[in-house]
1. Over the protein assembly as shown, with every protein chain in place, what whole percent of the accessible area is carbon and sulfur at 1.4 Å, could you tell me?
2. Using +1 at the C-beta of Lys and Arg and -1 at the C-beta of Asp and Glu, which of B:Leu390, B:Ala427, B:Ala100 has the Cα lying farthest in the positive direction of the dipole of chain B?
3. Heavy atoms only, 1.4 Å probe, whole protein assembly: order B:Arg352, B:Arg83 by accessible area, highest first.
4. Which whole-Hz couplings ³J(HN,Hα) result when phi for each residue of region B:82-87 is put into the Karplus expression 6.51 cos²θ - 1.76 cosθ + 1.60, θ = phi - 60°, listed in order with x for Gly and Pro?
5. What is the gain in length, in nm to one decimal, between B:Leu439 and B:Ala46 on full extension, counting 0.36 nm per residue of separation less the C-alpha to C-alpha distance?
6. Taking the full set of protein chains and a 1.4 angstrom probe, give the accessible area of B:Lys176 in square angstrom, rounded to the nearest 10.
7. In nanometres, what is the gap between the two model label sites at B:Val210 and B:Leu9, each 7 Å from Cα along Cα-to-Cβ?
8. So who's got an amide H within less than 5 Å of the one on A:Arg135, skipping anything under 5 residues away but keeping other chains? H placed 1.01 Å off N, in plane.
Amino acid sequence: MIDIVLLVLKIAILFLLYLFIWQVVRGAVADVRGSAVVPAPDVPLPEGTRPVVTRTPEERRRLREERLTERTESGQVMDLTRHIAPRLIVEQSPIVPVGVVFPLDGWITVGRAPNSDIVLDEPFVSSTHARLRPRDQVYVVEDLGSTNGTFVNEKAVTEAPLRLDARLRIGETVFRYEE
Amino acid sequence: MSRRTTELLYLVLAGAVSTMAYVSVYAGRYREIHRATIVYGLVFVAIFLVLHIVVRVFLSRADPYLLPVTALLAAIGLTEIFRIRPALALLQGQWLLVGALLFVLTVVIVRDHTRLDRYRYLIGALGLALLVATIVAGTTVNGAKLWIHAFGMSIQPSEFAKLAIVVFLAGYLDDKKVLLSVPTRHLLGVPVPAAKYFGPLVLMWGLTLVMLVFMKDFGMSLLFMAVFVALLYMATNRIVYVVAGGALFAAAAGLAIWLVPHVGDRFSVWLDPWSKADTTGYQLLQSLFTIADGGVLGSGFGRGFLLYTSRQPVVPDLQTDFIFAAIANEMGLLGAVAVILCFVLFFWRGARIATQAPDGFSKLLAAGLATAFALQTFIILGGVTRLIPLTGLTLPFVSYGGSSITANLVLVALLLMVSHRTNVVRAGTDVERRRLAELG
């Protein structure tokens, strides 16, 4: 009698074990399938990164007018009417999600220091690494004596104007310049 | 069905298997079905139900499969220990309780694993201290110095050091991965990053050597080294570290085989156990015979030939390192494969948690823990089945050993935390996200 019970138990245990494994695999695979249709996660921006500013056309026009009277280095008045919206777009970066847009607006500092306008907290970036500022009709990038250099189209620069679609690399982060 | 309900269902299934196994071990031995055995089975289920409730409250979005797989493995282990030495099963049951308590404490106190990253050097130092303490105050069992006797218990600190060092490495490597992957100098074709970043890693590698020399413990040092190299590779994506690490370990292992008699014995037994069947090869050969004796369906719980009439197990250390031989004997090929599949499931969940994790530290932590778990399983199963030289390690959750089961339950708690964070970041409600952010 007890032998039959034991035999039944033995088979039942094996059966339940495989049922368990099968069920877990099935459930887990359904999870994988299900997660494929879930939209991409909204990755939070790293701390210190300025949020993406989206402005209405109205605001943009007003800003442009203000910028017309903005003081530049030599005190000259700048005409940025040609520029619709100068901006840097992240093309690759170990810390900033690709596609993040940094609208350029006046003088912009880039560096690891938390008070920079664009904070790049990565090892190859100096605390105050570079500065972007409008000069004449274009935005100019200046290297502020950084350790690892500032690159425009993969050429180390101390000061260089940014042309449309120029690639600006600071540390491991590559930006594309757009207007 | 919510994740937690899924978890509960699978836990009930695992509980059913454990109760049935327990009943049949008792019935196989005393030829009667006793009410007490069913009660023991239920107590086991109750422990995991408590863990389930804690997870439900604190980590509601965590992976639902890890805990049931853990329960199933622990159930099979506990049953098999009861089968071999009933007195030890009671002890192991108490250790399971301690482990469950530690699991709950980890979840309740730590709450979110990213908080551990702030104490990374402290945790790393703690891991080191545990290992140093073993070297200084440890006692030698079976040629390896692995245990510390304290408060009437023997503790194996390396099991906990394993967790501490994975936490440290995950935090450190995530921070320095860019610097480590863009080396400035080369040494014999191997890129060598600046000493100030690479130094702590060299220290880690040196530690595995020290473990090998002073603790004479090949298994743990192999595990530490492999986890270390795996994490370095995952952080930097540079295969050269794997090659270099492997070569260095092979060199160290070669030296150990040559110089440390205890390690050398294991190696020669692996190559040819038959010529030493009466001495050093006895244990491994008995293990192979015991596995083969089980056949396809196994001899059944409580029915296998595992004990001599003197109550000595047929394989020395059957309830610890060689527990897989007992399982293969009583559950057969099918059961043994099912147990291995459970380990594979565990690793799969761990790897998935790692790939889904939202930040570098979480990714490396989950990957490191899953890798450590999988490697430990592979090293001991490979050793018991003579695939690789035998090195003494416990089979996670299954083997008899308090340190092993408590440390591995904490490992599960950490993996569940990573999983919970991932799912809150990806699909959580605003309330959940805020709660998580407040923890930081």
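1. Working: 17580 of 27370 Å².
Result for the protein assembly as shown: 64 percent of the exposed heavy-atom area is carbon or sulfur.
2. Checked the options; the winner is B:Ala427.
3. On the way: B:Arg352 45, B:Arg83 15 Å².
Greatest to least solvent exposure: B:Arg352, B:Arg83.
4. Computed from phi, the couplings for region B:82-87 are 4, 5, 7, 9, x, 5 Hz.
5. Working: separation 393, 0.36 × 393 = 141.48 nm, distance 2.97 nm.
Length gained, B:Leu439 through B:Ala46: 138.5 nm.
6. We get 30 Å² for B:Lys176.
7. Label at B:Val210, label at B:Leu9, 5.1 nm between them.
8. Amide H to amide H, under 5 Å and 5 or more residues apart or across chains, A:Arg135 pairs with A:Val140.
The values are calculated or read from the model by the stated rules, or taken from the named source; none is laboratory data. In this text, all values refer to a predicted model and were calculated from it rather than measured experimentally. Reconstructed Cβ throughout: ideal geometry from the backbone, glycine too, with neighbour counts over all protein chains shown. What goes into the accessible areas is simple: the full protein's heavy atoms, side chains included, and nothing from ligands, DNA or RNA. Shrake-Rupley method; radii C 1.70, N 1.55, O 1.52, S 1.80 Å.
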